[in-house]
Amino acid sequence: MTRTIGLDIESRPECIELLSGALYGMCQPVLPAAEIAKINLAMVEAVNNAVEHAYHGEPGHPVRVELELAPDRLGLRVQDHGQPMPPGRLEAAAAFVEPDPEDPETWSMRGRGLFIIRSCMDTVEYEARDGVNTLSMSRLLATGESA
């Protein structure tokens, strides 16, 4: 059986906590906590990116999150109507740059969200079309797992 939910929040960081509660509520009966935590981290990073980068931290804009839990995978889609991601940005996030103790420019925690998302999910795709930016992710699940 596939379970699907869609949630709309305002582009405010404090609304993101509501999404985590929904994800845990949907997945807890069928997935181990460690699996849910990875998916939640990817979701929170994706929504934070929409709030911070697409809407420049400005509240009052819509962010839509769709979750689809199937027996073998979890699909997650985050949509916004803000500024699109620069071309090639998702591909550039494929590698983690280790901070250099001698170079303060590499110390920033900023810019690591897409790398975190890619490391938590099996597939990550981005599309900007007709004013809607969509980050689609999925994670394969071991069949027969239980919480």
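Quick notes
- Of everything in the stretch 5-25 that is within 18 Å of residue 73 (Cα to Cα) and either among the basic types (Lys, Arg) or out of contact with any helix residue (DSSP H, G or I) (no Cβ under 9 Å at 6 or more places or on another chain) (or both), the residue that is modelled with the highest pLDDT is 6.
- Residues that are within 20 Å of residue 118 (Cβ to Cβ), of a type outside the set (A, V, I, L, M, F, W, C), modelled with pLDDT of 95 or more and under 15 Å from the mean Cα position of the chain (by Cα) do occur in the stretch 61-71, at least one of them.
- The stretch 16-28 residues that are under 21 Å from residue 50 (Cα atoms), paired with ones that are not in a helix (DSSP H, G or I) (beta carbon under 7 Å, 6 or more apart): 18/9; 19/7; 19/9; 19/65; 22/5; 22/7; 23/67
- Cβ-Cβ distances below 7 Å connect the following pairs, each with a first residue in the stretch 47-61 that is touching a residue at least 60 places away in the same chain (Cβ under 8 Å), a second residue that is assigned to a helix (DSSP H, G or I) and buried (at least 17 other Cβ atoms within 10 Å of the Cβ), and a separation of six or more residues or different chains: 48/16; 48/113; 49/113.
- Condition broken by residue 97, with the remaining ones in (1) in contact with a Ser or Thr (Cβ under 7 Å, 6 or more places away or on another chain); (2) at pLDDT below 95; (3) among the aliphatic types (A, V, I, L, M); (4) closer than 27 Å to residue 24 by Cβ satisfied: (4)
Listed here are the residues, each with its yes/no results for (1) of a type outside the set (S, T, N, Q); (2) on the phi < 0 side of the Ramachandran plot; (3) crowded, with 17+ Cβ neighbours inside 10 Å.
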{"residue": "4", "(1), (2), (3)": "no, yes, no"}
{"residue": "12", "(1), (2), (3)": "yes, yes, no"}
{"residue": "24", "(1), (2), (3)": "yes, yes, no"}
{"residue": "40", "(1), (2), (3)": "no, yes, yes"}
{"residue": "46", "(1), (2), (3)": "yes, yes, yes"}
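- Residue satisfying condition, being free of Cβ contacts under 8 Å to residues at least 12 places away in the same chain and of a type outside the set (A, V, I, L, M, F, W, C), within set 91, 66: 91
- Any chance residue 81 is over 18 Å from residue 138 (Cα atoms) and either in contact with a Ser or Thr (Cβ under 7 Å, 6 or more places away or on another chain) or modelled with pLDDT of 95 or more (or both): yes
- Considering the conditions (1) at pLDDT below 95; (2) within 17 Å of residue 53 (Cβ to Cβ), residue 146 is excluded by exactly one of them, (2).
- Looking only at the stretch 23-60, residues that are of a type outside the set (D, E, K, R) and within 14 Å of the chain's Cα centre (by Cα) come to 17 in all.
The values are calculated or read from the model by the stated rules, or taken from the named source; none is laboratory data. Everything quoted here is computed from the prediction, not taken from an experiment. Heads up, the Cβs are rebuilt from the backbone with ideal geometry, glycines too, and the neighbour counts pull from every protein chain shown.
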